[in-house]
Structure formats: structure tokens, C-alpha cells
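Structure record follows, encoded as C-alpha cells.
No lab work stands behind these numbers, since they all come straight from the coordinates. Note that the structure is predicted; figures quoted are calculated from it, not measured. Counting neighbours? That spans all protein chains shown, and the Cβs are built from the backbone with ideal geometry, glycine included.
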Amino acid sequence: MSSSQSAGDDSDIVQPTTKQTTYHGHFDCFSGAAGDMLLSSCLDASENSTELAKHVSECISRGMPELAGEFEIQTKRVWRGGMGSIAGLHVTVLSKYNNEPAPVPKRKADNDDNHHQHHHQHHSHQHDNQYSSHQHDVGDHDHSHDHAHDHNSPSHDHSSSTTTKGPLRNLREIKRLIEHSSDEYIDPWVKTIAILTFTELAHAEATTHGAESIESVHFHEVGAIDSIVDTVGTLIALHYLNVTSFSCSRLPFGEGTVWTDHGILPVPAPATLRLLVGMPTCPGPLGVVTGELVTPTGAALLRALTLKYPRGIDAKETSTTTPTKHNYKGRPPNFTIRKIGIGAGTKDFEMHPNILRLLLGDDIVT
């Protein structure tokens, strides 16, 4: 199944149908979590992933007109695992700025994640559209290693897999976009959790780099359009699916190191590790697993959904200090599964499928 929907077209926006059932969403992240994997799993859990991808694209474009025409969401059915046996949905967010992918370096060590290959390993593909007219092998990216800094370096691309030519927005700019977006297309709950997610990222980066405040840090990859679409799009999709409470499995540590402009760092990278404080974690899957499995965007979004807000789809206010208490931290509740979404990452490991599963259910027994 595939979909290619250009943001900001003139077709009628798809509105969610009236639903009687609300769902609990459990994210099974045994192979890790990243922004595009979360969005993919949400789209795949719907009855029509193509239509939901279109809905997400149009809500962002019409709700935040400043972004209209800046991106395109593409979905594709892929297979993951050493035998290519597990099917899932993979999302690619294309930018009109023709972001140029950095080459995927050959692995020099079994446990090195060269040039931040910790996002997703995109398939080789040729784009013949206004967003990209060059053939490329896109390196791993959830498009959001999310490094933010209060310093500048002439060569400081922070080893993102893409060289971004478009605008890179800082926290203040991202908050302005979200806060001023139209309630008709972007629900207040979506706004609340999206702002919280980016604020969590900023706190982690500011602490990591010793910035004076979260407002003084300058986002790099997280300010790119694909990171914004992954984050806001995931929340729009969850709202569309009528998911009102959340949990996630333990988040796996990767193995080895990651190469950055700051030198060789252990994984999880420092900002990611700070975002994992208070979150349930575990070792990665058995077998050779290279590099980082949980990206900052994935960690921040799951943190916002599972720890930080008063649950309920109509929540208008969010506590940034007091975690929500529940009895199934790191585990799903006792519930009846109704729908499943499989989101595929770009990396394709030999020993296990690189997928994230979203389980939607009801009849929770407390």
C-alpha cells in the first residue's frame, strides 16, 4: 500500500467519523522508537492509512498555513527482518527544499553508528516531483536527532542524515506555529502535547549543553519540517483514532557509539538519555544491534504521552513536572485489543524486524 499526498492541496479535508468507542493505545517499542515509526504505526492502525495520511497532511497545512506547500507525506508498505518476513507501513516526509541526504557510511565496527545512523535507513528511491528530483539512498533518520545548541560551528550539521536547506525553527518559533494554529484543524489536545514534546526536547538539550535557558538553545534537525510533521502528525492521527490513554513498553538501549561533530559518544546519546529519565528501559533485542534505537523525538513524544499529561482526549492543561500515575508502566494494561498498527523504521536488522507496534484496545480492567 502506498500513498503520496502533497500538503496543502485543494481537496476537501477528511474529518473523523463520530465514534462511540475510545481506545487505550499501547506502543510496543521492542526495536526502538522514532518519530516516523510512531506516525507510521498510527496510520497503519486506521482502516485506511492513505486517507488518514491525507487527513494529517491537510490538517497541518490548513491549521498552520505557514507550512503549506513545504512538505509531502508519502507512505509505503515495506518488509523488515532478516528474512524480510514482517510487513509494516513506512512514512517518508519530503521537503520542498530538497534536503540532501548524507551518504550512509560503511560500518567500520559492529557497534558504531556512523554519522548518527540512528534514525531510519530509508530505501533507495527516485523522486520525480517538486519536492525531490534526485536519486538517493537516504541514511537513517527520524529527521529528529533533535540536537539543539546555544553555540555555532561552521561545520556543525550535527551529523544529521540530511543537509537541510529549508528553515530551521527554534523552540519559540515552533511554539508560535502550534499555539496560533487553527482549532478547526488542530485540536487543542494535539497542540498541548506537541508543545510539551518540543519543550521536553529543549530541556534535555539545554541541560546537556549547559545552556542558560531552553529559549537560548538553537534547534538543528528538530526544527526541520519533517520533525514537526512527525510529531504533530502522530498526535493528529491519535486524536483521529480516538485514543484517550497511553502506555509504552520498556524502551531499548542501543549498543555501541555514535559519531558526531562533538566526537564519539555512547548511545543513547546524551540528550536522549536525559529524556529516558523516569521512563522504563531495557536492553536492546538479542543479536547484533548497531547504534541508537530510540531517538530524541521518539523518547520525547512517548514521555509526553505516557508520563506528563492528565489523560483524557479533552485535556486542556498539562503538568510539566508531575508524572501521571498508573499501574502499567512499561506494560500494557489488561485490555481487549481491537486494532493493530505496524510502523516500520528504515534500518533493516538481520536478527529482528525493525518495527514499532501500536495496540489499540478497550475494556480495560484496573
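By how many nm would the segment from W79 to R172 grow when fully extended, if each residue of separation counts as 0.36 nm and the alpha-carbon distance is taken off? Please report the intermediate quantities before stating the final value.
On the way: separation 93, 0.36 × 93 = 33.48 nm, distance 3.87 nm.
Using 0.36 nm per residue and subtracting the Cα-Cα distance, I get 29.6 nm.
Quote the FRET efficiency, to the nearest 0.05, computed for L286 versus I264 with a Förster distance R0 of 25 Å and r equal to the Cβ-Cβ distance. All intermediate terms of the calculation are to be shown ahead of the outcome.
Details: r = 25 Å, r/R0 = 0.99.
So, using R0 = 25 Å, E works out to roughly 0.50.
Please give the length that would be gained between H180 and E66 if that part of the chain were fully extended, namely 0.36 nm times their separation in residues minus their C-alpha to C-alpha distance (nm, one decimal). Provide the component values of the computation, followed by the final result.
Working: separation 114, 0.36 × 114 = 41.04 nm, distance 1.06 nm.
That pair, H180 and E66, stretches by 40.0 nm at full extension.
Under a plain spin-label model, where a point goes 7 Å from the Cα along Cα-to-Cβ, how far apart in nm are S213 and I364?
Each label point is offset 7 Å from its Cα along the Cβ direction, giving 3.7 nm.
Pulled fully out, how much extra length does the chain show between E47 and T336, if you take 0.36 nm times their separation in residues and subtract their Cα-Cα distance?
Working: separation 289, 0.36 × 289 = 104.04 nm, distance 1.81 nm.
In short, 102.2 nm is gained.
Starting with the fewest neighbours, write out T207, T366, T244 ranked by other beta-carbon atoms found within 10 Å of each beta-carbon. Before the final figure, lay out the partial values.
Values: T207 14, T366 8, T244 18.
Going from least to most buried by this count: T366, T207, T244.
Between R250 and M351, what is the spin-label point distance in nm, taking each point 7 Å from the Cα along the Cα→C-beta axis?
1.6 nm
Under 11 Å from the Cβ of L235, count the other residues' Cβ atoms, weight Lys and Arg +1, Asp and Glu -1, and hand me the total.
Values: positive: K191; negative: D187, D230.
Here the charged neighbours net out to -1.
From the backbone phi of the range 355-366, what are the Karplus-calculated ³J(HN,Hα) couplings (6.51 cos²θ - 1.76 cosθ + 1.60, θ = phi - 60°) in whole Hz, Gly and Pro given as x?
With the stated coefficients, the range 355-366 comes to 9, 10, 10, 9, 9, 10, x, 9, 6, 5, 9, 8 Hz.
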